[in-house]
1. Just to confirm the number: angle between the C-alpha axis of helix 232-244 and the first principal axis of the chain, 0 to 90 degrees, nearest 10?
2. Collect residues whose amide H, placed 1.01 Å from N in the peptide plane, falls under 5 Å from the amide H of Glu174; neighbours closer than 5 in sequence don't count.
3. Check cross-link reach from Lys170 to the aspartates and glutamates: straight Cα distance under 13 Å, and skip same-chain residues fewer than eight apart.
4. Using Cα pairs closer than 8 Å and at least 6 residues apart in sequence, work out the relative contact order for the stretch 1-121, in percent.
5. Convert each backbone phi in the stretch 111-118 into a coupling constant with the Karplus relation 6.51 cos²θ - 1.76 cosθ + 1.60 (shift: θ = phi - 60°), then list the ³J(HN,Hα) values in order as whole Hz, x for Gly and Pro.
6. Net charge near Val225, counting Lys/Arg +1 and Asp/Glu -1 over other residues with Cβ under 14 Å of its Cβ?
7. Could you order the peptides 230-238, 64-72 from most to least packed, using the average number of other C-beta atoms within 10 Å per residue?
8. Taking the Cα centre of the stretch 3-245 as origin, sum charge times position over the Cβ atoms of Lys and Arg (+1) and Asp and Glu (-1), and report the length of that vector in debye to the nearest 20.
Amino acid sequence: MSKVIVVTSGKGGVGKTTSSAAFAAGLAAKGHKTAVIDFDVGLRNLDLIMGVERRVVYDFVNVINGEATLKQALIKDKRVDNLYILPASQTRDKDALSKEGVESVINELKKEFDFIVCDSPAGIEKGAFMALYFADEAIIVTNPEVSSVRDSDRILGILQSRSKAAEDGKTVKEHLLITRYSPDRVEGGDMLGMDDIVEILSVPLIGVIPESGSVLQASNSGNPVIMDKDSEAGQAYQDVVARFLGEEVPLRFIDVEPKKGFFQKLFG
């Protein structure tokens, strides 16, 4: 049975699109046919992070308006089998998304795909609401800072009250993903700790992504960071996908690295 997963948060710049790209690529690499949709109409960044910006001909809004078929608009990833991208429009605004139009596209995708990942824009306006409305599950992305956690709490409230599942008397299964985590800064008191964030939001933790330069490098090169298997961030996203699919995987990269002594530094 097909599942719709929204990757969301209230605050911008927390890593939603990076996480959507990595998560979708990870699901596809595990053999699940996966489509990832960019709901950020008017801006559009998912195609850049996925490295398909030059291949965009038709977009999400074209499909909703009947100006192109879904098959014409979907872009097949050249690196990962089973992975397809539906880009957003750069020339329209978010009012171009209608509940009926979005539902029609998602229902059509459900006939062919195992997972439909919805990359939500920041905030709580129409694009974000459309991204989460049809979700079966939600990945709430937050940074370890007070404003980000507070905004995530607001999104949880919307999921629990205004999603289609809520209207039907059901619940959206929620997962918490903490990004840009630095154990050293947590220990120094500059950043909220993982346990504090989980306690505040009361959402099961699916993963912690360490602060890493490899995330920016991957985004600039158009490769989802999960493909960088040597980076800690890439490995952490692989763990997230494994946990989502039901595997028991211990958390990594959450402890302060022990300081090396003089002879350790000298002799490695």
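1. Value to nearest ten degrees: 60.
2. Ala138
3. Asp136, Glu137
4. 44
5. 5, 10, 10, 6, 10, 10, 9, 9
6. Around Val225, the surrounding residues sum to -1.
7. 230-238, 64-72
8. Magnitude of the dipole: close to 720 debye.
Laboratory data are not the source of any read-out in this text; all were calculated from the coordinates shown. Treat the numbers as computed from the prediction; the structure is a model and nothing was measured. Every residue, glycine among them, receives a Cβ derived from its backbone with ideal geometry; neighbour counts consider all protein chains shown.
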